[in-house]
Amino acid sequence: MLRKLRSVLSSRCALATALALSLSLSCGAALAQAYPSRPVTIIVPYAAGGSLDVVTRVVAKSLTTRFGQTVLVENKTGAGSNIGAAYVAKAPPDGYTLFLASPATAINVSLYSTLNYDPEKDLIPVSLLTAVPSVLIVHPDLPYKTIAELVAYAKQNPGKLNYGSGGAGTSEHLAAEMFKFMCGVDVTHIPYKGGAPALNDLAGGQLSLMFSNRIGALPFIRSGRLRALGVADSVRSPQLPDVPTFAEAGYPNLKVLVWSGIMAPAGTPAAIVGRLHGAISESMQAADVKATLDGMGVTIATGGPAEFGEFLKREIALWRPIVKQSGARVD
C-alpha cells in the first residue's frame, strides 16, 4: 500500500513539474510575442555623431520597422562610458532600456579602481553588432612605409616618436601600448579629448603615429592624408586589401577590435533577450543595413548571448595586463 502511495505521489509530482515547465514556456513565449509594447531606448555612452552612435542609429531604425515600436537612441556620456553603463545596470530588467557596449566595457574593469556596476553581473549580453579592426596610421611624408621600418626607426630613436589617442584608457591608447610592448619600442603618448582631434593633428604632422578604428581612419587613408601601415587583425581588411596585417609582419597576437554589442540589465527575461537577439540578427542581415554599414567600413559581427558573453570575458582578460603595463589610471 505504501509503495503504491509513493508511486501515485511520484507520478503527481512529475505531472506537476511538467505542467509548471509547460506553463513557464508558454508564459515565456507569450512574453516574447507581446514585447515590445512601447518604445525601447538604447543608451549610447558616447556623444552623438561618433561612429558607434551612427551604427546604433542605423540598427535602431531597422528595429523600429521590425518591432512596430519606436527604438530610440539616447546619449549618456561621461566617465569613459561608465555613466551610461551604470544607468542601464540600474534600469528595470524589462527589455525597454538597453546599453551599447564597446571595448571600454571590458577595459574599464581594469582601468578604474572602483566601478558602481559590474559588467558581468549587472548587465547581460544580448547580441554582438560590429567588430572593426584598428589600423596603424602615419603621416604620408614620414620615412617609414612598413611596420618593420617603423619598428626599426623607433628602436633607433627611443622616445623620439609620439602617438595620439582619444584619451587615457581608450582602445586607441591601449592598442599603441600593446604595440610598444610586443614590438619593444619606446613611443610617447599624447592624449586628446577624443579621437577626431588626434586624427586631425596626425594628418597635420603634429604626431608620429596612431591606432584608429578603421571607420575613423578610412576617409583619411582614401584621401591620401594618412598612410596605413598595418591592420591589427589576423586577416586583411576588405576595405584596405593592400594593407598587411600585424600577423603578416610577425606579430600574430597584436589584434585590436573596436566592437559593439547590445546588453540589457541583469534579470531581463530570457524570452525577451531571445526576441531582441532575433530581431537584431535580422536587422544586421537586411540589405539596406549591410549596405550602409559596409559603406562606413563597418564589419558586422555575429553572436548571441552565449557567444557575446564568452567574447566579453576574453576581452576583459586581454586588456587587463595591457592596462597594468601602461600604468593608465583615470580615477
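The values are calculated or read from the model by the stated rules, or taken from the named source; none is laboratory data. These figures come from a predicted structure and were not determined experimentally. In this analysis, Cβ positions are derived from the backbone assuming ideal geometry, glycine residues included, and neighbour counts consider all displayed protein chains. Ligands, DNA and RNA are stripped out before the accessible areas are found, and what is left, the full protein with its side chains, is counted by its heavy atoms. Shrake-Rupley method; radii C 1.70, N 1.55, O 1.52, S 1.80 Å.
Show the residues, 5+ positions off or on another chain, whose built amide H is closer than 5 Å to the amide H of residue 71.
Excluding prolines and chain starts, which carry no amide H, the hits are 40, 64.
Equivalent-ellipsoid semi-axes (√(5λ), Cα gyration tensor) for the chain, whole Å, largest first?
Ellipsoid half-lengths, sorted descending, are 44, 22, 18 Å.
Working from Cα positions, state the angle (0 to 90°, nearest 10) between the long axis of helix 2-34 and the longest principal axis of the chain.
50
Largest first, please: the extent of the C-alpha atoms of the range 188-233 along each principal axis, to the nearest Å.
Principal extents (largest minus smallest coordinate, Cα): 23, 23, 17 Å.
Please list, ordered by chain and number, the residues whose modelled amide H lies under 5 Å from the amide H of residue 127; skip anything fewer than 5 residues away on the same chain.
262
Only four residue types carry charge here, +1 at the Cβ of Lys and Arg and -1 at the Cβ of Asp and Glu. Report the dipole size of the range 73-180 about the Cα centre in Debye, rounded to the nearest 20.
Computed charge dipole of the range 73-180: roughly 320 debye.
How large are Rg and Dmax for the range 226-295 when calculated on the C-alpha trace, in angstrom?
17.2, 48
I need the Debye-formula profile for the range 53-164: one equal scatterer per C-alpha, no solvent, reported as log10 I(q)/I(0) at q = 0.10, 0.14 1/Å, two decimals.
One equal scatterer on each Cα of the range 53-164 leads to -0.50, -0.76.
Skip the ligands, DNA and RNA, and give the accessible area per residue of the range 77-210 with a 1.4 Å probe, whole Å².
Roughly 36 Å² per residue, with all protein chains present.
With a 1.4 Å probe and all protein chains left in place, how much accessible area per residue does the range 269-319 have, in Å²?
45
How far is helix 305-326 tilted, in degrees, relative to the longest principal axis of the Cα atoms in the chain, given as a value from 0 to 90 rounded to the nearest 10?
Once rounded, the angle reads 40 degrees.
Compute, for the chain, the length of the dipole vector about the Cα centre, with Cβ point charges of +1 (Lys, Arg) and -1 (Asp, Glu) only. Units Debye, rounded to 20.
880
Using the heavy atoms of the protein chains and a 1.4 angstrom probe, tell me the accessible area per residue for the range 32-72 in square angstrom.
I get 44 Å² per residue for the range 32-72.
Using a 1.4 Å probe on the protein chains only, how many percent of the accessible area of the range 43-179 belongs to carbon and sulfur?
C and S atoms contribute 55 percent here.
Straight-line reach from residue 90: which aspartates and glutamates have a Cα under 20 Å away, not including same-chain ones fewer than 8 places off?
74, 118, 120, 122
May I ask for the distance between the Cα centers of the range 265-294 and the range 97-153, given as a whole number of Å?
That distance is 22 Å.
Let me cross-check residue 120: its accessible surface, 1.4 Å probe, with only protein heavy atoms counted, in Å² to the nearest 10?
90
Could you name the aspartates and glutamates in cross-link range of residue 155, using Cα to Cα under 17 Å and dropping any fewer than eight places away on the same chain?
Partners within reach: 177, 186.
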